[in-house]
Amino acid sequence: MAKDNDTLTGLPGRETLRETLGRIIGTGETVSLATLDLDRFMEINLDFGSEAGDRVLIEVARLLVAEAQA
């Protein structure tokens, strides 16, 4: 696991993003970047607790990785 990977999801963090973009920018290589906003996520944490919120984040991360590798 990289030094800045999220401890909950295992996804790469900001430092990995900065390093990757720094390597790619100016090379002419094509890159895609997406952001994700989980609507009503705060409500999940408030209504069902942070453990439920953690499970949602873990599952979303799992789905993103699976789709990116497909």
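The values are calculated or read from the model by the stated rules, or taken from the named source; none is laboratory data. Small disclaimer: the values here were computed from a predicted structure and weren't measured. For neighbour counting, all protein chains shown are included, and Cβ atoms are generated from backbone atoms with ideal geometry for every residue, glycine included. For the accessible areas, the whole protein counts, side chains as well, though only heavy atoms, and no ligand, DNA or RNA atoms are used. Shrake-Rupley method; radii C 1.70, N 1.55, O 1.52, S 1.80 Å.
Laid out as a table, the results:
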read-out: Between helix 50-69 and the chain: long-axis angle, C-alpha atoms, 0 to 90°, nearest 10; value: 30 degrees
read-out: Folded to 0 to 90 degrees: helix 14-24 orientation relative to the chain principal axis, Cα; value: 20 degrees
read-out: Rough spin-label spacing in nm, given labels placed 7 Å along Cα→Cβ, for VAL60 and THR7; value: 2.0 nm
read-out: Relative pair counts by distance (%), Cα atoms of the chain, 10 Å bins; value: 17, 40, 31, 10, 2
read-out: Longest exposed-site-free window of the chain, the sites being trypsin sites (Lys or Arg not before Pro) in a DSSP loop that have at most 15 other C-beta atoms within 10 Å; value: 4-39
read-out: The chain: GluC sites (Glu not before Pro) in DSSP coil with no more than 13 other Cβ atoms inside 10 Å; value: GLU29
read-out: The chain, accessible area per residue, ligands and nucleic acids excluded (1.4 Å, Å²); value: 85 Å²
read-out: Cα→Cβ-extended label distance, 7 Å offset, between LEU38 and LEU17, nm; value: 1.6 nm
read-out: Accessible-area composition of the chain, carbon plus sulfur, in percent [1.4 Å probe]; value: 55 percent
